[in-house]
1. Of the residues that make up the range 605-626, is at least one among the β-branched types (Val, Ile, Thr) and in a strand (DSSP E or B)?
2. Would you check which residues across the range 323-343 are in contact (Cβ under 8 Å) with a residue 12 or more places away in the chain and either of a type in the set (Ser, Thr, Tyr) or not in a helix (DSSP H, G or I) (or both) and list them?
3. Can we say Leu439 is in contact (Cβ under 8 Å) with a residue 60 or more places away in the chain and either on the phi > 0 side of the Ramachandran plot or more than 16 Å from ligand 2 (Cβ to nearest atom) (or both)?
4. Taking the stated definitions as given, is Arg702 surrounded by fewer than 23 Cβ atoms within 10 Å (Cβ to Cβ) and farther than 23 Å from Arg609 by Cα?
5. So which helices (runs of 4 or more DSSP H) are wholly in the range 663-763 and hold at least 3 residues that are more than 15 Å from ligand 1 (Cβ to nearest atom) and within 26 Å of Asn138 (Cα to Cα)?
6. Which ranges mark the strands (runs of 3 or more DSSP E) fully within the range 63-148 that have 2 or more residues being at pLDDT 95 or above and buried (at least 17 other Cβ atoms within 10 Å of the Cβ)?
7. Just one of (1) within 16 Å of ligand 2 (Cβ to nearest atom); (2) hydroxyl-bearing (Ser, Thr, Tyr); (3) closer than 30 Å to Asp330 by Cβ trips up Tyr651, so point out which.
8. Filter the range 394-421 down to residues that are assigned to a helix (DSSP H, G or I) and either touching a residue at least 12 places away in the same chain (Cβ under 8 Å) or under 13 Å from Asp601 (Cβ atoms) (or both), then give me how many there are.
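The values are calculated or read from the model by the stated rules, or taken from the named source; none is laboratory data. Remember, it's a predicted structure, so these values are computed and weren't measured experimentally. Positions of Cβ are generated from backbone atoms using ideal geometry, with glycine treated the same way; all protein chains shown enter the neighbour counts.
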Amino acid sequence: MSHADARTDTAAAPALPAATVLGYPRIGPRRELKTALERYWSGASDLAELEQAAAEVRTRTRTRLVELGLRRDDASVPSAFSFYDPVLDVVTLLGAVPSRFADLPAADGSVGLAESFVLARGDEARGPLEMTKWFDTNYHYLVPELGPRTPIALVGDRPVRELLEARADGVQARPVLVGPVTFLLLAKAEDGAPDGFHPLDRLEDVLDAYAALLPRLAEAGAGWVQLDEPGLVVDGAVPAEDVLAATRRAYERLTAVTDRPALLVTTPYGDPGAALPVLLGTGVEGIGLDLVRGDASRAADALGDHVRAGHRAPAVLAGVVNGRNVWRTDLDAALATLGELSSVTGASVSVGTSTTLAHVPHDVDVETALDARVRSWLAFADQKVTEVHTLATALANGPESVKDRLEAARAARRDREEAPGVRDPRVRERCAALGEADLARPPYAERRPLQDQALPLPPLPTTTIGSFPQTPEVRRARAALRRGALDQAGYEAAMREHVAEVVAVQERLDVDVLVHGEPERNDMVQYFAELLDGFAVTDHGWVQSYGSRCTRPSILWGDVSRPAPMTVPWATYASSLTDRPVKGMLTGPVTILAWSFVRDDQPLADTARQVALALREETVDLEAAGVVVIQVDEPALRELLPLRAGARPDYLRWSVDAFRLATAGVQPSTQIHTHLCYSEFGEVLGAIDALDADVTSIEAARSRMEILPEVEDAGFDRGLGPGVYDIHSPRVPGTDEVVDLLRLALKHVPADRLWVNPDCGLKTRRPEEVGPALANMVTAARALRS
Ligand code: GLN
Ligand code: ZN
């Protein structure tokens, strides 16, 4: 009997595969998808070529996963590809486009691939769907916009086609989709939706569409379908009772569908808490738990209760291999967790990853330039698949059957514990000696007059956030340095030339507080990682950030210290070119952690303190070199906010302490700036205030200063620079527009504390846009001064 025939018998759900992963990097080991997408967008290729390239990435993924030990015949291999973003995929699957895109769907409501890119990227006529961070990761998804009348129906068939494609390749894949509840929790109400409307109001429509899809997947041979519901691990704006009610309704409805695949519902990124018993009550056949973030004992209790109440236990996919970091798994600890789950419940337990592997690079074996000892401690996506397979083998055949592998994992962990640099006594002593006094500056009321004296500025002073356009010459010089065609001295000379231009431009534009433009920084975190001890960088460790954009996070493996000044020569060089103040420019401790892969063998707070201490040395050196304004960027402060409310106060305490440690070593006359972007500051406003920076710049232009009433209410009483120039768009704001925004700002911020600046750095903009935009910004500030 073929697999497809077995499908119609829903009473006997197929067993969950013994070993699987929730998802795999989508971009390709050589970023093949990125190349193909960008070629298509630039007009250099057509849709057929793009489809072909994507099909090759998918085939390669399946082949690789099977090579690494996943079975090809039992739904072990996830079918989790996406051209751009899995949330966008649900939007197109359901034809759920906001009204400003009503022209995109075809007559039958379906949205083509080319049209889906218009949703993702916008066009001349309209802005794209908003993009925001996916849970507490650095991945960005597209935010669905739903109203009471947004079309929602099953209009797409990509999951079916990709399943058939896998089958034709001889692989019984498992389709993966964002689940209906999470889709709605991530959506926002479309502009113009009536007050009180919430996307969850559309639950029944979304369920109808998912219910229509399931039999089609079964018909195409799916034994299982995976529905990801990370929305269930967050304390968000929707009251918990409503989330639980929606969850119950959703899975009662979907389990009632006849002729469907078995349902594997996963709750990655955290602990499902009260949602787990609710899911169990609906009778879904499989539950995927994140046992890295989530609590295994609590899950075991919930499963035990369910069984004791006389119900059949679902199959459990135990996510014991971390999908979010790059460290080899402690296989002994993972086996203990697996044992706990199997013994308490008597349920069948399979081995999986905590989340998709899309958050880690493909393969550590290609990192030949990485220190061999550090490399031996690491596991990227491919190594993690092998770990899953090893654990599943141990579970099935006993640990003896994989004893060499278990021993190798133990040896690597031991080696990591003992390796020089992992624990540096000098760093530890210095951290231990820190006290409250190291975190505090004199009150702002005392600092302000000293700063006004040291740094005479007009009212409404103008500045920028740090980076200037990374011109082709800058990129070319960096590439030449990498290739060896340019030596370090030649590279630095090219960068100095760029700094001189940037300084001259700002003087010409009459900006008050200058920046050096950051040309020497490939990336605001990696630049520091390369100069600090305790970090390693990879050559190929790309991770998707959004769409075709990837970042290459550094690896923080040991105690962090600063062997030498990192930014002082650039700052002093820039200062030497002008009589105006030039800001020293640093990335803050939380952002450095958020955008790196961080060691997992000590609390994040301890690691943050070490990074902060290194930055503190840098601020002190900058000050000694005559720099009177120092900016420490913390754009990721909001990103690391824990998903559960209970964990937030502790996080906010240590993250604020780290910033203060980094910045409180300077004289009261030195002005500390900070910068935050990526909106949604609401929840962290108290913490932003507690950073105690003299000046805080925040993104505010696109939302037209929406945040300022809240900032005012939070009692913020130091300098504030709400952005007046949306740098995410090539548009040049007019002088009147900037004046309007500043007038709005003045309603909430007194004139003697208001700064005038763009939303963020200008790195991604072109000089032709930046010149006129800054000119208008300066003119607007001048107009308001008089
Ligand atoms: N100083 C950085 C820049 O201007 C800040 C970037 C950011 O906030 N993401 O590029
Ligand atoms: Zn920014």
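1. Taking the range 605-626 first, the residues among the β-branched types (Val, Ile, Thr) are 607, 611, 619-620.
Next, only the ones that are in a strand (DSSP E or B) stay: none.
Within the range 605-626 (the criterion being among the β-branched types (Val, Ile, Thr) and in a strand (DSSP E or B)), the answer is no, since none of the residues qualifies.
2. Across the range 323-343, the qualifying residues are Gly323, Arg324, Asn325, Val326, Trp327, Arg328, Thr329, Asp330, Thr337, Ser342.
3. Details: in contact (Cβ under 8 Å) with a residue 60 or more places away in the chain: yes; either on the phi > 0 side of the Ramachandran plot or more than 16 Å from ligand 2 (Cβ to nearest atom) (or both): yes.
For Leu439, the condition - in contact (Cβ under 8 Å) with a residue 60 or more places away in the chain and either on the phi > 0 side of the Ramachandran plot or more than 16 Å from ligand 2 (Cβ to nearest atom) (or both) - is met.
4. Numbers: surrounded by fewer than 23 Cβ atoms within 10 Å (Cβ to Cβ): yes; farther than 23 Å from Arg609 by Cα: yes.
Yes.
5. Numbers: elements: 685-690, 708-713, 735-746.
In the range 663-763, the matching helices (runs of 4 or more DSSP H) lie at 685-690, 708-713.
6. Details: elements: 77-79, 131-133, 140-142.
The strands (runs of 3 or more DSSP E) meeting that bar are 77-79, 140-142.
7. (1)
8. Restricting attention to the range 394-421, the residues satisfying the condition of being assigned to a helix (DSSP H, G or I) are 394-397, 399-418.
Next, from what is left, pick out any that are either touching a residue at least 12 places away in the same chain (Cβ under 8 Å) or under 13 Å from Asp601 (Cβ atoms) (or both): 394-396, 399, 402, 405-406, 409-410, 412-418.
So the count comes out to 16.
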